[in-house]
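The values are calculated or read from the model by the stated rules, or taken from the named source; none is laboratory data. Everything numeric here is computed off the predicted structure, so don't read it as measured data. Methodologically, a virtual Cβ is constructed for each residue, glycine included, from the backbone with ideal geometry; neighbour enumeration extends over all protein chains shown.
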């Protein structure tokens, strides 16, 4: 089990960076349990996470500063197409977002960014795109100790490179069918 200290930055899946404000005992029924009191940076709201469930809910330390460049490189890499049926795609992407793994979130960001250039996203996919962008940029900003306004252009450039690489992939019969399906033919 990973132990966090008061004042430590952590990542709460699907909500981003937070700071452990305190560790306190709470009475739940007959039992007294220790909780992390976590203040989320995005909303300034407080979340109580039972210490015993911290791993289960995906509470984790932010990525290392060395992993920042790896994440940006990963964002710029080509990718395999996502499921074409929006329900399958939404389920796959929702599962990836729930893992709390920033590399999985980056995968979702890259796919949805590419799709958004091809066609308007559904309301739910647009919200997921915005959430993924926020999570990636805010974690990179916190770890690299730079303001988000410095990180955003780097993320956008990486995404543009990934989309360009994806566009240049050799056209296969499957890709041709997928392109015509996306175009609605």
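Can you pull out the residues in segment 5-36 that are within 20 Å of residue 98 (Cβ to Cβ) and part of a loop (DSSP other than H, G, I, E, B)? Selection gives 13, 14, 15. Considering only residues of segment 143-172 that are buried (at least 19 other Cβ atoms within 10 Å of the Cβ) and under 15 Å from residue 65 (Cα atoms), which is modelled with the lowest pLDDT? Only one residue tops the list, namely 143.
Can you tell me which residue in segment 37-60 is nearest to residue 24 (Cα to Cα), limited to those that are in a loop (DSSP other than H, G, I, E, B) and touching a strand residue (DSSP E or B) at 6+ places or on another chain (Cβ under 6 Å)? Residue satisfying both the conditions and the ranking: 59. Among all positions in segment 94-110, there is no residue which is over 25 Å from residue 125 (Cα atoms) and either touching a strand residue (DSSP E or B) at 6+ places or on another chain (Cβ under 7 Å) or modelled with pLDDT of 90 or more (or both). Taking first residues from segment 46-58 that are assigned by TED's automatic domain parsing to the domain that holds residue 19 and free of Cβ contacts under 8 Å to residues at least 12 places away in the same chain and partners that are assigned to a loop (DSSP other than H, G, I, E, B) and surrounded by 13 or more Cβ atoms within 10 Å (Cβ to Cβ), the Cβ contacts under 9 Å between residues at least 6 apart in sequence or on separate chains come to 53/59. For segment 59-75, a residue qualifies if it is surrounded by fewer than 16 Cβ atoms within 10 Å (Cβ to Cβ) and either under 12 Å from residue 3 (Cα atoms) or touching a residue at least 24 places away in the same chain (Cβ under 8 Å) (or both), and the qualifying residues are 61, 64, 65, 73.
Entry remark, segment 78-122: residues being in a loop (DSSP other than H, G, I, E, B), in contact (Cβ under 8 Å) with a residue 40 or more places away in the chain and either assigned by TED's automatic domain parsing to the domain that holds residue 13 or exposed (fewer than 14 other Cβ atoms within 10 Å of the Cβ) (or both) number 2 in total.
Please state which of the following conditions residue 51 fails to meet, knowing it meets all the rest: (1) touching a helix residue (DSSP H, G or I) at 6+ places or on another chain (Cβ under 9 Å); (2) under 25 Å from residue 94 (Cα atoms); (3) surrounded by 16 or more Cβ atoms within 10 Å (Cβ to Cβ). Unmet for residue 51, out of (1) touching a helix residue (DSSP H, G or I) at 6+ places or on another chain (Cβ under 9 Å); (2) under 25 Å from residue 94 (Cα atoms); (3) surrounded by 16 or more Cβ atoms within 10 Å (Cβ to Cβ): (1).
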